[in-house]
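Asks: Starting off with a structure, shown below.
The values are calculated or read from the model by the stated rules, or taken from the named source; none is laboratory data. On a predicted model such as this, the values are computed, not experimentally measured, just so you know. Here the Cβ is made from the backbone with ideal geometry for all residues, glycine too, and neighbour counts use every protein chain on show.
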Amino acid sequence: MELALKQAKKAYQEDEIPVGCVIVKDDVVLAMSHNVKEKKNSVLGHAEIECIKKASKKIDNWNLIGCDMYVTLEPCLMCTGAIVNARISNVYFASRSEKGGSLVSSINIKDVKKLNHYPKIHEGLLNEKSSALLKDYFKAKREK
């Protein structure tokens with residue numbers, strides 16, 4: 001999660017919402033990414049989507065079963081869909097996203113019936129650091 005937090009800080013420096021993501025398999029980092037929505041002018045520029053694309057390219061396979069994702073903010077509905085479809089085994093996230101989180105907050109993925117895959121969900125790892133970074137970012141934005 002420390003690596004994901006470093007990616008979130010990189011996003012902050014690039015004036016992107018500070019979310020970072022890392023995908024690991026067998027204790028080997030396959031991919032790291034951060035939000036690039038503004039840079040790419042694309043709604044698809046979420047850290048999780050970027051990281052899934054990089055990890056898939058690295059192993060030359062869309063199927064990421066056996067991989068773990070570490071992300072600083074609970075994934076949204078779009079990213080959760082990508083996580084399910086990529087068959088990521090475990091998702092570790094730092095902070096909940098009460099308005100848009102789709103693992104446990106606004107939507108609980110376990111309540112969605114008949115999906116072909118459900119990742120194991122772990123929350124709270126480095127929550128305070130991740131939450132503080134997000135709060136600092138939005139406070140700075142409001143002050144501009």
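Asks: Look through region 1-52, keep the residues that are β-branched (Val, Ile, Thr) and exposed (fewer than 13 other Cβ atoms within 10 Å of the Cβ), and return whichever of them is nearest to Cys76 (Cα to Cα). Reasoning before the result, please.
Replies: Residues of region 1-52 β-branched (Val, Ile, Thr): 17, 19, 22-24, 28-29, 36, 43, 49, 52.
If we keep only those that are exposed (fewer than 13 other Cβ atoms within 10 Å of the Cβ) as well, we get 28, 43.
Details: Val28: 25, Val43: 12 Å.
Step by step, filter region 1-52, then rank; the result is Val43.
Asks: State the number of residues belonging to region 117-144 that are loosely packed, with under 12 Cβ neighbours inside 10 Å and in a strand (DSSP E or B).
Replies: Result for region 117-144: 1.
Every residue, every condition in (1) closer than 14 Å to Tyr92 by Cα; (2) modelled with pLDDT under 95; (3) within 15 Å of the chain's Cα centre (by Cα); (4) β-branched (Val, Ile, Thr), yes or no:
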| residue | (1), (2), (3), (4) |
| --- | --- |
| Val19 | yes, no, yes, yes |
| Ser33 | no, no, yes, no |
| Glu38 | no, no, no, no |
| Asn41 | no, no, no, no |
| Leu44 | no, no, yes, no |
| Ile49 | no, no, yes, yes |
| Lys57 | no, no, no, no |
| Met69 | yes, no, yes, no |
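Asks: Would you tally the residues in region 106-116 being of a type in the set (Ser, Thr, Tyr) and surrounded by 16 or more Cβ atoms within 10 Å (Cβ to Cβ)?
Replies: Residues that pass the stated criteria total 0.
Asks: Let me ask something else. Among the residues of region 62-99 satisfying the criterion of being more than 13 Å from His117 (Cα to Cα) and polar (S, T, N, Q), which is surrounded by the fewest Cβ atoms within 10 Å (Cβ to Cβ)?
Replies: Restricting to residues being more than 13 Å from His117 (Cα to Cα) and polar (S, T, N, Q), the top hit is Ser97.
Asks: Lys113 - would you say it is in contact with a strand residue (DSSP E or B) (Cβ under 9 Å, 6 or more places away or on another chain) and free of Cβ contacts under 8 Å to residues at least 24 places away in the same chain?
Replies: Values: in contact with a strand residue (DSSP E or B) (Cβ under 9 Å, 6 or more places away or on another chain): no; free of Cβ contacts under 8 Å to residues at least 24 places away in the same chain: yes.
Answer is no for this residue.
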